[in-house]
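Enquirer: I'd like to ask you about the structure that follows.
Read the figures in this text as sums done on the coordinates, not as results from a lab. Given the structure is predicted, the values throughout are model-derived calculations rather than measurements. No Cβ is skipped: glycine too gets one built from the backbone with ideal geometry, and neighbour counts run over all protein chains shown.
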Amino acid sequence: MLEVRGLNAWYGESHILHGVDFEVREGEVVTLLGRNGAGKTTTMKSIMGLVPRREGSIRYRGAETIGLSSNAVARAGIAICPEERGIFASLSVTENLMLPPIVAPGGLDIPTIYTLFPNLRERAGTAQGTKLSGGEQQMLAIARILRTGAKLLLLDEPTEGLAPVIVQQIGRTIREIKQRGFTVLLVEQNFRFAATVADRHYVMEHGRVIDMIPNGALEANMDKLHTYLGV
Ligand code: ATP
């Protein structure tokens, strides 16, 4: 579904990605693991067309997207849930959900979203974005992109800063999203969480992918992983 080959990216003069290679197959949940600064977020932003200078190849469903604007990438069916979540403080939960435009058929409607996220339904009318807890904001940020019809979802550290019980909820949500046929690329620092949701893991270091570990082989590769991630 997504094929990234020889991806290079720059912020101004800083050369951040040095030939990133990986792929995500339809229906998979795949993680990018790696230490702070390895280039995971930059890879996601590059896929989304949010990094101004990039070279190489990013093919989505067979079509080259490397030169496209972020709007065109969104219309092609890719959506990002950024680390900072982007919830609008002055809008209610429902208003936040309605915000991103529908880009393709097959997105979830609001009743289905509220079935998937019962805690958001409880907060639907009254709450303003800022009144939500961190976990609720994260759920809302994920829910919002499920509505758009995008089929490939890029989730940047959805568990960051959240309590273990909320992290478990997010895990359940990602597994449910997969069952509904969405494909997910996930940036994670927490590989124990990643192991509960993903099919495969790519490890990034210094702007490159240096290894790929199938989820079933994670335990057997624990020593290597500890070295990669410095944990
Ligand atoms: P983290 O978990 O810390 O976000 P990451 O693997 O996602 O780590 P990136 O955020 O992609 O890493 O950052 C890769 C490198 O790019 C880092 O050295 C970072 O300082 C640099 N960088 C990130 N954003 C910018 C920017 N807007 N301008 C310049 N340099 C940046």
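Enquirer: For a label point 7 Å from the Cα of D199 along Cα→C-beta, name the residues of region 1-43 whose backbone N is under 14 Å from it.
Expert: Under 14 Å, as judged by backbone N against the label point of D199, lie 1-3, 23-31 of region 1-43.
Enquirer: Something else about it: What ranking, highest mean first, results for peptides 135-147, 71-83, 205-217 when packing means the other Cβ atoms within 10 Å averaged over each residue? Write down the numbers at each step before the final one.
Expert: Working: 135-147: 22.5, 71-83: 19.8, 205-217: 15.5.
So the peptides 135-147, 71-83, 205-217, ranked by packing, come out 135-147, 71-83, 205-217.
Enquirer: As a test of understanding, state the convex hull volume per residue of region 74-117 from its alpha carbons, in Å³. Please list the in-between numbers first.
Expert: Numbers: hull volume 4.0 nm³, N = 44.
Hull volume over Cα atoms, normalised by residue count, gives 91 Å³.
Enquirer: Principal axis extents for the chain, Cα atoms only, whole Å, descending order, please.
Expert: Principal extents (Cα only, largest first): 46, 38, 31 Å.
Enquirer: Could you order the peptides 58-67, 185-194 from most to least packed, using the average number of other C-beta atoms within 10 Å per residue? Can you show the working numbers first?
Expert: Details: 58-67: 14.8, 185-194: 20.9.
Ranking the peptides 58-67, 185-194 by packing returns 185-194, 58-67.
Enquirer: So what are region 49-143's ellipsoid semi-axes, whole angstrom, largest first, if each one is the square root of 5 times an eigenvalue of the alpha-carbon gyration tensor?
Expert: Details: eigenvalues 174, 46, 21 Å².
Those come to 29, 15, 10 Å.
Enquirer: A further question follows. Go ahead and run the numbers for FRET between H18 and V165, Cβ-Cβ distance against an R0 of 25 Å, rounding to 0.05. Walk me through the intermediate numbers first.
Expert: Details: r = 39 Å, r/R0 = 1.55.
Efficiency at R0 = 25 Å is approximately 0.05.
Enquirer: Can you tell me how region 126-175 classifies by the Cα gyration tensor, rounded, prolate or oblate, using a/c under 1.5 as the rounded cut? Don't skip to the end; give the middle numbers.
Expert: Working: a/c = 2.06, a/b = 1.16, b/c = 1.78.
In terms of gyration-tensor shape, oblate.
Enquirer: Okay, next question. Starting from the 7 Å offset along Cα-to-Cβ, what nm value, one decimal, do you get for the label separation of L229 and R35?
Expert: Inter-label distance under the simple model: 1.4 nm.
Enquirer: Taking the Cα-to-Cβ direction at D109 and at I210 and moving 7 Å from each Cα, how far apart do the two end points lie in nm?
Expert: Placing both labels 7 Å beyond Cα along the Cβ direction yields 5.0 nm.
Enquirer: In nm, to one decimal, how far is the modelled label at N221 from the one at E122, with both set 7 Å along Cα→Cβ?
Expert: Placing both labels 7 Å along Cα→Cβ, they lie 3.9 nm apart.
Enquirer: How large is the helix-only mean residue ellipticity at 222 nm for the chain, computed as the sum of -39500 (n - 2.57) over DSSP H runs with n ≥ 4, divided by its residue count, in deg cm²/dmol to the nearest 500? List each step's numbers first, then the result.
Expert: On the way: 9 runs with 77 residues, N = 231.
My calculation for the chain gives -9000 deg cm²/dmol from helical runs alone.
Enquirer: Same structure again: Using Stokes-Einstein with the Kirkwood hydrodynamic radius over Cα pairs, what translational diffusion coefficient do you get for region 143-230 at 20 °C and a viscosity of 1.002 mPa s, in µm²/s rounded to a whole number? Kindly include the intermediate steps, with their values, before the conclusion.
Expert: Details: Rh = 14.0 Å.
Estimated via Stokes-Einstein, D reaches 153 µm²/s.
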